[in-house]
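These notes concern the structure reproduced below.
The values are calculated or read from the model by the stated rules, or taken from the named source; none is laboratory data. Keep in mind that this is a model prediction, so the values were computed, not measured. Cβ atoms come from the backbone with ideal geometry, glycine included; neighbour counts cover every protein chain shown. Keep in mind that these areas ignore ligands, DNA and RNA; they rest on the heavy atoms of the full protein, side chains included. Shrake-Rupley method; radii C 1.70, N 1.55, O 1.52, S 1.80 Å.
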Amino acid sequence: MRRKLVAGNWKMNGSTSSIRELLQGILGGSAEVAAVELAVFPPFVYLDAVARQLTGTAVGWGAQNLSEHASGAHTGEVAGPMLKDLGCVYVIVGHSERRTLYGESDQVVARKFAAARKFGLKPILCVGETLEERDQGVTEAVVERQLKAVLDLEGVASFADAVIAYEPVWAIGTGRTATPQQAQDVHAFIRAQLAALDPALASQVRILYGGSVKGANAGELLVMPDIDGGLVGGASLDPKDFLLIAKAGC
Ligand code: PEP
């Protein structure tokens, strides 16, 4: 049985006071959604404050990105051991905004996935196609290529400690959500890719859906058999909506 995970990607949003309030709101309702695992992903600079507020609670935290390197002359980068030091459980790798706006290739993403594991963090590997790719009918080929880069470097067993997030790029921050069936089809395809290599492991890997998930549409998505939770951007900045999404997964 895969426990659902609802992960809030705050992106480049928040301030000391707004984050304190947001966490208070989430903590206030977290007991009612205890069946679902919750985690938040603040900007790096707020990780320490978030860790202080969440330590001892049921809500976990992680980072939105990490360096593929362990330490050294990489100005502006943040390394896995630093995230581990701040109590991060997860780290998002290969978010489409990193791939498209910051030029992260499949190979860079694979190396970040490897770095996360090496330093004891669970990677949340984001995969997904652009609208153009969907219209060209190459969604599965794109997702397969993105997964293969990680499988080639780290092997299928590495997914025992990882989460996958299917995030169609055309649904992120656009208000346009994949239909539950569109999402389920790609989730089943991803699971089948892993199952071809290790069926038992594939049945345990959590595959989250991301792309304009909100309280109003979470129920129909999270009920699908291969959707094991959500990676939530915009709606994760509103504690009520974030908790409603979690409730849909209970
Ligand atoms: C995301 O940032 O991963 C995301 C899915 O954003 P949104 O929910 O705003 O579409």
message: If I ignore ligands, DNA and RNA and count only protein heavy atoms, how much of residue 179 is accessible to a 1.4 Å probe, in Å² to the nearest 10?
response: 70
- prompt: What list of ³J(HN,Hα) values in whole Hz, one per residue of segment 139-156 in order, does the Karplus curve 6.51 cos²θ - 1.76 cosθ + 1.60 (θ = phi - 60°) give from phi, with Gly and Pro shown as x?
  reply: 3, 5, 5, 5, 5, 4, 5, 5, 5, 4, 4, 6, 4, 5, 7, 10, x, 5
query: What's the carbon and sulfur percent of segment 1-93's accessible surface, probe 1.4 angstrom, rounded to a whole number?
result: 54
message: If DNA, RNA and ligands are ignored and the probe is 1.4 Å, what is the ranking of 46, 90 by accessible area, most exposed first?
response: 46, 90
field: Taking the convex hull of Cα positions in segment 32-248, its mean projected area over all directions (nm²)
entry: 11.6
- request: Determine the order of 212, 203 by accessible area, beginning with the largest, at a probe radius of 1.4 Å.
  value: 203, 212
field: Alpha-carbon Rg with Dmax, taken over segment 1-92, Å
entry: 13.7, 45
- prompt: How much accessible area per residue does the chain have, in Å², with a 1.4 Å probe?
  reply: 44
message: If you build the convex hull over the alpha carbons only and average its shadow over all orientations, what do you get for segment 127-184? Give it in nm² to one decimal.
response: 4.5
message: Nothing charged except the Cβ atoms of Lys and Arg (+1) and of Asp and Glu (-1): what's the magnitude of the dipole of the chain about its Cα centre? Round to the nearest 20 debye.
response: 560
statement: Rounded to the nearest 10 Å², the accessible area of residue 226 using a 1.4 Å probe with every protein chain kept is 30
message: Nothing charged except the Cβ atoms of Lys and Arg (+1) and of Asp and Glu (-1): what's the magnitude of the dipole of segment 12-101 about its Cα centre? Round to the nearest 20 debye.
response: 60
task: Starting from the Cα-Cα distance between residue 203 and residue 18, subtract it from 0.36 nm times their residue separation and give me the gain in nm to one decimal.
output: 62.8 nm
query: For segment 76-155, what value does the Rg/Rh ratio take when both radii are computed over Cα atoms and Rh is the Kirkwood radius, given to two decimals?
result: 1.02
- request: For the chain, with a Gaussian network of springs between Cα atoms less than 10 Å apart, report the residue from 68, 37, 220 with the top mean-square fluctuation.
  value: 220
task: Please list, in chain and number order, the residues 5+ apart from residue 61 or on another chain whose amide H is under 5 Å from its amide H, with Hs placed from the backbone.
output: 40, 89, 90
- prompt: What ³J(HN,Hα) values, in whole Hz, does the Karplus curve 6.51 cos²θ - 1.76 cosθ + 1.60 give for segment 165-174 when θ = phi - 60°, with x put for Gly and Pro?
  reply: 10, 8, 10, x, 4, 6, 9, 8, x, 9
- line: the chain: relative contact order from alpha carbon pairs under 8 Å, six or more residues apart, as a whole percent, is 22
task: Just grab the label-to-label distance for residue 84 and residue 35, each label 7 Å out from Cα along the Cβ direction, in nm (one decimal).
output: 3.5
query: Under the Karplus relation 6.51 cos²θ - 1.76 cosθ + 1.60, θ = phi - 60°, what is the ordered set of whole-Hz ³J(HN,Hα) values for segment 30-43, x standing for Gly and Pro?
result: 5, 5, 6, 10, 4, 5, 9, 7, 10, 8, 10, 10, x, x
message: Run lengths n ≥ 4 of DSSP H only: what is the helix-derived mean residue ellipticity at 222 nm for the chain, with -39500 (n - 2.57) per run over all residues, to the nearest 500?
response: -12500 deg cm²/dmol
statement: Taking r as the C-beta separation of residue 77 and residue 148 and R0 as 25 Å, the FRET efficiency to the nearest 0.05 is 0.45
statement: Dipole check, the chain, charges on Cβ (K,R +1; D,E -1), about Cα centroid: among 116, 1, 17 the Cα furthest to the positive pole belongs to 17
